[in-house]
Amino acid sequence: MLGLGGMQPYGIQSMLKEGHKHLSGLDEAVLKNIDACKQLSHITRTSLGPNGMNKMVINHLDKLFVTNDAATIVNELEVQHPAAKILVLAGKAQQEEIGDGANLCVSFAGELLQNAEELIRMGLHPSEIIIGYTKAINKTLQVLEELVVEGSEAMDVRNGAEVISRIKAAVASKQFGQEDVLCSLITDACIQVCPKNPANFNVDNVRVAKLLGGGLHNSTIVRGMVLKSDAVGSIKRLEKAKVAVFAGGVDTSATETKGTVLIHSAEQLENYAKTEEAKVEELIKAVAESGAKVIVSGAAVGEMALHFCERYKLMVLKISSKFELRRFCRTTGAVAFLKLSPPNPDDLGYVDSISVEEIGGVRVTIVRNEEGGNSISTVVLRGSTDSILDDLERAVDDGVNTYKAMCRDSRIVPGAAATEIELARRLKEFSFKETGLDQYAISKFAASFEMVPKILAENAGLNAMEIISSLYAEHASGNTRVGIDLEEGVCKDVSNMSIWDLYITKFFALKYAADAACTVLRVDQIIMAKPAGGPKRDPPAGMDDD
């Protein structure tokens, strides 16, 4: 008689390699998947809205993030579960498409799945839920279009007040209470770099420079660039100067090939050193004579070259990052030369002023370009700690991304959960008209929208049930623009509070969330191969076991 060890594998085990895992059926696969997604959305949902809580995430490199920006949170959590990864991908897609609303996307998908779980426990088949959800999302996007505020599709993207009213909600959800200061900074920066055709707005043109110290009210905006380095050499200020940019470095160039020089006498040795000097001087002189006052180098600046630059009163900057150098060329309109050579006057750039200033103990070089084709502006953020600065930067990023989305499609819908309650109400009505089992799925889809006002109210410490019922009452009597005023904890008309969300942000967030939820529900078996066995790596330094 064979022992247990000799048992032949049977069924699916006999087909697959040993060491694999296989989960199938409702309990094992579907509900486990849903559970993992619920966990993820529970993490992000408490950060939803202006009163959202912050999360402290320490990633595998021991870097600390303190933020309530869902995109950052889900990126830094290394999500292992395959189903929860689908939600992470939906959130990332939203972040890349619009740049804001990732939290709505992840939390809403989690809520849909939680409701689907209740339906499955009631005995509905997942495919019926999927059919119902698909009908519901199509209806939702149709209703969402009807909720667009009239006259909002025609908008002047260079009008500050209109822009602020649209990006205020996006910024407030990251930095509540400071949105007014931040919005005016972001709006100025965006309007300055907005091209003739707003659809070509490039997010990369609004830079953020984070300098420790001071407070948010010390933040300013610079037309041009802020480089976090000091000028090389002794000249620190120049007005209205021409700029030559050398991507290679300003130094004596060694020859490509190795050469041996035979020197017979001391005079020849002296002359040899002199010729090198003369060569460098000739090059620097040529640059100075072309009218350039500033030399920007992409690599090291040699001692000798620096000496001659000083002699000819040239200011020298060193920008080691290739991308920064490109941006600098964009700001000044210069063309970068590969090696040190007499520049062509047409290829020189122009700046209004370059100055080295000290901000909070850090020396920064500020390159201003007010008149010229203004292609870059920089928001200088001040704050007391690195985490605060990082969070402010995320708020600015969200604002700028919203501006970009607005240039593509400027339609707006009421914010502060007014839209969600209206969608919930309209979908509820729609589900009564449906026959068949998918009506249950549609009504659950409608109930999922209540998550937004519920969480907004809970995060602000209000009574969620009370608020939702009074919102429903207002909406039923036809006031479709009533949302929650979180500061006073009452329901108000959002057009008085001017809280608007972009239609396009909502559109994609709901669409991606529904897609992700349906994808997770479509899975009925999980088959995991045995992980590839390699040598185990050492645990990352800095964290020990206990």
Would you kindly calculate the translational diffusion coefficient of region 222-291, applying Stokes-Einstein with the Kirkwood radius from alpha carbon pairs, for 4 °C and a viscosity of 1.567 mPa s, and quote it in µm² s⁻¹ without decimals? 81 µm²/s
Give me D for region 303-451 in µm² s⁻¹, whole number, from Stokes-Einstein with Rh from the Kirkwood sum over alpha-carbon pairs, 4 °C and 1.567 mPa s. 61 µm²/s
Hypothetical label at SER387: residues of region 77-98 whose amide nitrogen lies under 16 Å (7 Å Cα-Cβ projection): 77
Where only alpha carbons of region 142-188 are counted, the Rg and the Dmax (Å): 12.5, 36
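Two decimals is fine: what's Rg over Rh for region 202-345, C-alpha atoms, Kirkwood radius as Rh? All intermediate terms of the calculation are to be shown ahead of the outcome.
On the way: Rg = 18.5 Å, Rh = 17.2 Å.
That ratio equals 1.08.
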Compute the helix-to-body angle for 82-97: its Cα long axis versus the longest principal axis of the chain, expressed 0 to 90° and rounded to tens. 50 degrees
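How do the peptides 212-223, 343-354 rank, highest first, by the average count of neighbouring beta carbon atoms within 10 Å per residue? Walk me through the numbers before you get to the answer.
Numbers: 212-223: 15.7, 343-354: 17.9.
Top to bottom by mean Cβ count within 10 Å: 343-354, 212-223.
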Measuring from the longest principal axis of the C-alpha atoms of the chain, the long axis of helix 102-122 (C-alpha) lies at a number of degrees, nearest 10, equal to 20 degrees
Point-to-point label distance, GLU303-ASP62, nm (Cα→Cβ direction, 7 Å offset): 3.7 nm
222 nm [θ] for the chain, helices only, -39500 (n - 2.57) per DSSP H run of 4+, per residue, to 500? -15000 deg cm²/dmol
Calculated FRET value between SER184 and GLU145, using beta carbons and R₀ = 22 Å, to 0.05: 0.10
Sorted from largest down, what three extents in whole angstroms do the Cα atoms of the chain have along their principal axes? 101, 81, 42
Using only Cα atoms and rounding to the nearest 10 degrees, what angle (0 to 90) does helix 386-408 make with the longest principal axis of the chain? 80 degrees
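Looking at the chain, what % of its DSSP beta bridges pair antiparallel, to the nearest 5? If you can, show how the numbers build up before the last one.
Numbers: 37 of 56 bridges.
Of the beta bridges lying entirely in the chain, close to 65 percent run antiparallel.
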Using only the Cα atoms of region 450-496, each taken as one equal point scatterer with no solvent, compute I(q) by the Debye sum, divide by I(0), and report log10 of the ratio at q = 0.13, 0.30 Å⁻¹. -0.24, -1.17
According to a simple spin-label model (label point 7 Å from Cα along Cα-to-Cβ), what is the distance in nm between ALA473 and LYS285? 8.9 nm
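Would you kindly calculate the mean projected area, averaged across all directions, of the convex hull enclosing the Cα atoms of region 42-87, in square nanometres? Walk me through the numbers before you get to the answer.
Working: hull surface 13.1 nm².
Mean orientational projected area (region 42-87, Cα hull): 3.3 nm².
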Of THR419, THR519, ordered by accessible area with the largest first and a 1.4 Å probe, the sequence is THR519, THR419
How large is Rg/Rh for region 462-538, to two decimals, with Cα atoms and a Kirkwood Rh? 1.30
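In terms of solvent-accessible area of protein heavy atoms at a 1.4 angstrom probe, what is the ranking of MET225, MET15, MET528, MET155, highest value first?
On the way: MET225 5, MET15 140, MET528 70, MET155 35 Å².
Solvent-accessible surface, decreasing: MET15, MET528, MET155, MET225.
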How much length, in nm to one decimal, is gained on full extension between SER341 and LYS258, taken as 0.36 nm per residue of separation minus their Cα-Cα distance? 27.7 nm
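How about region 148-237: which GluC sites (Glu not before Pro) there are in a DSSP loop, with at most 13 other Cβ atoms within 10 Å of their Cβ?
Details: sites: GLU150, GLU153, GLU162, GLU179; in loops: GLU150, GLU153.
Answer in residue order: GLU150, GLU153.
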For region 1-150, convex hull volume per residue from C-alpha positions, Å³: 192 Å³
Sorted from largest down, what three extents in whole angstroms do the Cα atoms of region 117-235 have along their principal axes? 78, 36, 28
Over the Cα atoms, compute the radius of gyration (one decimal) and Dmax (the largest Cα-Cα distance, rounded to a whole number) for region 417-528, in Å. 16.0, 54
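Which order do the peptides 60-67, 164-171 come out in when sorted by mean C-beta neighbours inside 10 angstrom, highest first? Walk me through the numbers on the way to the answer.
Values: 60-67: 13.9, 164-171: 24.4.
Result, highest mean Cβ count within 10 Å first: 164-171, 60-67.
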Rounded to the nearest 10 Å², the 1.4 Å probe accessible area of VAL364 is 0 Å²
In the chain, carbon and sulfur make up what percent of the accessible area (probe 1.4 Å)? 53 percent
For region 67-138, the Cα-Cα pair-distance distribution in 5 Å bins from 0, as whole percents, is 3, 15, 21, 21, 18, 12, 7, 2
Among the lysines, which have Cα under 17 Å from the Cα of LYS274 when same-chain residues fewer than 8 positions away are ignored? LYS285
If you split all Cα-Cα distances of region 74-187 into 10 Å bins from zero, what percentages do you get per bin, shortest first? 11, 27, 34, 20, 8, 1
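On a full-extension model of 0.36 nm per residue, what is the gain between ALA532 and GLU429, subtracting their alpha-carbon distance, rounded to one decimal in nm?
Numbers: separation 103, 0.36 × 103 = 37.08 nm, distance 5.19 nm.
Fully extending the segment from ALA532 to GLU429 adds 31.9 nm.
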Compactness ratio of region 342-382: Cα Rg over 2.2 N^0.38 Å, N = residue count? 1.48
So what is the accessible area of the chain per residue, in Å², with the probe set to 1.4 Å? 49 Å²
What size of dipole, in debye to the nearest 20, comes out for the chain about its Cα centre when the only charges are +1 on Lys and Arg C-beta atoms and -1 on Asp and Glu C-beta atoms? 860 debye
Across 10 Å bins beginning at 0, the whole-percent shares of Cα-Cα pair distances in region 400-455 come to 23, 33, 28, 14, 1
Considering only THR332, PRO414, CYS309, whose Cα is most displaced toward the positive end of the charge dipole of region 267-419, charges sitting on Cβ of Lys, Arg (+1) and Asp, Glu (-1)? PRO414
Entries in LYS38/LYS168; LYS196/LYS506; LYS135/LYS174; LYS242/LYS339; LYS38/LYS530; LYS92/LYS228 that, when Cα-Cα distance is taken, lie over 21 Å: LYS38/LYS168; LYS196/LYS506; LYS135/LYS174; LYS38/LYS530; LYS92/LYS228
Given labels modelled 7 Å from the Cα in the Cβ direction, how far is it in nm from ARG522 to SER495? 4.1 nm
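The values are calculated or read from the model by the stated rules, or taken from the named source; none is laboratory data. Keep in mind that what you see is a predicted model, and the values were worked out from it rather than measured. Glycine gets a Cβ as well: all are built from the backbone with ideal geometry, and neighbour counts include every protein chain shown. Just the protein is used for accessible areas: all its heavy atoms, side chains included, with ligands, DNA and RNA removed. Shrake-Rupley method; radii C 1.70, N 1.55, O 1.52, S 1.80 Å.
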